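*Asks:* My questions all concern the structure below.
Readers should treat all values here as calculations from the given coordinates under stated rules, not as data from a laboratory. None of these values were measured; they are calculated from a predicted model. When we count neighbours, we look across all protein chains shown, and the Cβ atoms used for this are built from the backbone with ideal geometry, even at glycine.
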Amino acid sequence: MDLCATVGDDEFSVAATSDGTKWRISIGDREVLVDAARVKPGTWSLVIDGRSLLVDVDESKDPPRIHTHQAVTPILLENAQRKRLAEQMSRAGGGKSRGEVLKAPIAGRVVKVLVCDGQVVEAGQVVVILEAMKMENEIKCTRGGVVSGIDVADGDSVETGGKLVSLKPAE
């Protein structure tokens with residue numbers, strides 16, 4: 001498995017392979033053998049090149065923290081292939097709004113349309129509130145864009161898959 005480790009401002013390529021009991025970890029041109037056993041959730045007992053180490057992993061922080069008896073180190077481990085793909089998408093404009101068509105995930109009644117034609121919306125922004133089974137559901141856009149069509153109005157009934165709002169890519 002190929003990983004990318006980010007520690008502070010430094011980034012390292014990490015390759016990890018396992019024979020089932022031990023891990024062979026390559027960081028740059030350095031290679032180490034690691035025997036890892038989970039002691040409890042979030043705590044690992046490691047033997048690295050014959051040296052024993054107890055490690056706690058705190059995933060509640062961003063980035064996660066590795067706690068040893070000597071230090072607390074923030075470290076982000078990412079799948080190297082996914083990271084490269086995300087970087088390529090970003091360079092190619094994949095991070096920009098691309099537009100989308102929002103459809104009703106369930107049948108219900110439109111309580112409120114929160115956008116207007118021509119409005120720029122961001123990814124994750126709520127555009128419609130839909131009531132179904134006496135519960136109000138926020139319908140959010142995933143990509144963002146410019147509102148290019150509103151197919152419902154407050155009080156309308158919609159079926160599952162019914163078109164709510166169309167977005168075109170922002171320029």
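*Asks:* For K83, go through the lysines and keep the ones whose alpha-carbon is under 23 Å away, minus same-chain ones fewer than eight residues off.
*Replies:* K61, K96
*Asks:* When the gyration tensor of the chain is built from Cα positions, what are the square roots of 5 times its three eigenvalues, in whole Å, from largest to smallest?
*Replies:* Values: eigenvalues 454, 80, 36 Å².
After scaling each eigenvalue by five and taking roots: 48, 20, 13 Å.
*Asks:* Another one. Rounded to the nearest 500 deg cm²/dmol, what is the calculated helix-only ellipticity per residue at 222 nm for the chain, with -39500 (n - 2.57) per DSSP H run of length n ≥ 4? Walk me through the numbers on the way to the answer.
*Replies:* On the way: 1 runs with 12 residues, N = 171.
After summing the helix terms and dividing by residue count, I get -2000 deg cm²/dmol.
*Asks:* So for the chain, averaging the separation of alpha carbon pairs under 8 Å that are six or more residues apart and normalising by length, what relative contact order in percent results?
*Replies:* Working: 375 pairs, mean separation 28.4, N = 171.
About 17 percent, as a whole number.
*Asks:* Please express the Cα-Cα pair-distance distribution P(r) of the stretch 2-91 as a list of whole percents, one per 10 Å bin, running from 0 to the bin with the greatest distance.
*Replies:* The distribution over the stretch 2-91 is 15, 42, 35, 7, 0, given as percents.
*Asks:* Quick one: 3J(HN,Hα) in Hz for the stretch 67-76, Karplus 6.51/-1.76/1.60 with θ = phi - 60°, rounded, Gly and Pro as x.
*Replies:* 9, 10, 5, 9, 7, 10, 10, x, 9, 10
*Asks:* On to the next question. Amide H of L114 versus every other amide H placed in the peptide plane: which residues, excluding those fewer than 5 positions away on the same chain, fall under 5 Å?
*Replies:* V128, I129
*Asks:* Then there's this: With 18 Å as the limit, write out which pairs from K134/K163; K112/K168; K140/K168; K112/K140 have Cα-Cα distances beyond it, or answer none. Please list the in-between numbers first.
*Replies:* Values: K134/K163 21 Å; K112/K168 21 Å; K140/K168 15 Å; K112/K140 13 Å.
Check vs 18 Å cut-off fails for K134/K163; K112/K168.
*Asks:* DSSP loop GluC sites (Glu not before Pro) in the stretch 1-72 with at most 10 other Cβ atoms within 10 Å of their Cβ, which ones? Walk me through the numbers before you get to the answer.
*Replies:* Details: sites: E11, E31, E59; in loops: E59.
Sites meeting the loop and neighbour criteria: E59.
*Asks:* List the residues whose amide H sits under 5 Å from the amide H of Q119, counting only those 5 or more places along or on another chain, with H placed 1.01 Å from N in the peptide plane.
*Replies:* It is V147, by chain and number.
*Asks:* Over the stretch 100-168, what lengths in whole Å, largest first, do the semi-axes of the equivalent ellipsoid take, defined as the square roots of 5 times the eigenvalues of the alpha-carbon gyration tensor? Don't skip to the end; give the middle numbers.
*Replies:* Numbers: eigenvalues 71, 25, 21 Å².
With the √(5λ) rule applied to the stretch 100-168, the semi-axes are 19, 11, 10 Å.
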